[in-house]
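Worksheet for the structure shown next.
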Amino acid sequence: MAMKVSGNYANNYLEKVQAGQNKTNEADKVQRSEDKMKSNLTPQDAYISSEKSGSKPTGLYHLGQDENGNPKVLYDDPKKAEKVKAAPEKKAEECTTNTDGVDREIEKLKEEKKQLQQQIRSAAEDEEKVKDLKNKLSQIEGEISQKDNDAYRRQNAIIS
């Protein structure tokens, strides 16, 4: 069985296919031009080197060291940098701590201790008097040991 294809049929089919391709080519061109227009309107990321921008880039990770000298990854937070720029600089306040009053109090106690020791030596004959003086001496020594330290000085210092 042999088939005969009419030439007219092939030409019609070829014309239809070419017309369809022309339509798709035109549609592609229109779509591309629309895409170009949209891309011009929407913001896009672009690389700008730090040399051209003239400022130090923020929001970067970099290698640094911690307080023990061990390697550590550090992050420059751009929001934190803005806060630092926005905050006004505070002037340093000067405070003085005066411990003269506490020092005088301790010196008085030490003087009393010396006087009591001398009175104990001189009153060696009277045992009751010596016993009283030793009690006073132990009280003063306890007070001195309690007050003659840095914590007590800091606590009772005058700050101005």
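Computed from phi, the 3J(HN,Hα) profile of the stretch 97-109 under the Karplus parametrisation 6.51, -1.76, 1.60 (θ = phi - 60°) reads 10, 10, 10, 4, x, 5, 4, 4, 4, 5, 4, 4, 4 Hz, with x in place of Gly and Pro.
Extension gain, Asn70 to Asp28, is 9.3 nm, computed as 0.36 nm per intervening residue step minus the present C-alpha separation. Across all Cα atoms of the stretch 97-159, the radius of gyration (one decimal) and Dmax (whole number) stand at 14.5, 49 Å. Derived scalar couplings between HN and Hα for the stretch 117-127 equal 5, 5, 5, 5, 5, 6, 9, 5, 6, 8, 5 Hz in order, rounded to whole Hz, by the Karplus curve 6.51 cos²θ - 1.76 cosθ + 1.60 (θ = phi - 60°), x for Gly and Pro.
The slack in the chain from Glu128 to Ser49, taken as 0.36 nm per residue of separation less the alpha-carbon distance, amounts to 19.1 nm.
Values quoted throughout were computed directly from the atomic coordinates according to the rules given, and no laboratory measurement underlies them. Fair warning: this is a prediction, and the values are worked out from it, not measured in the lab.
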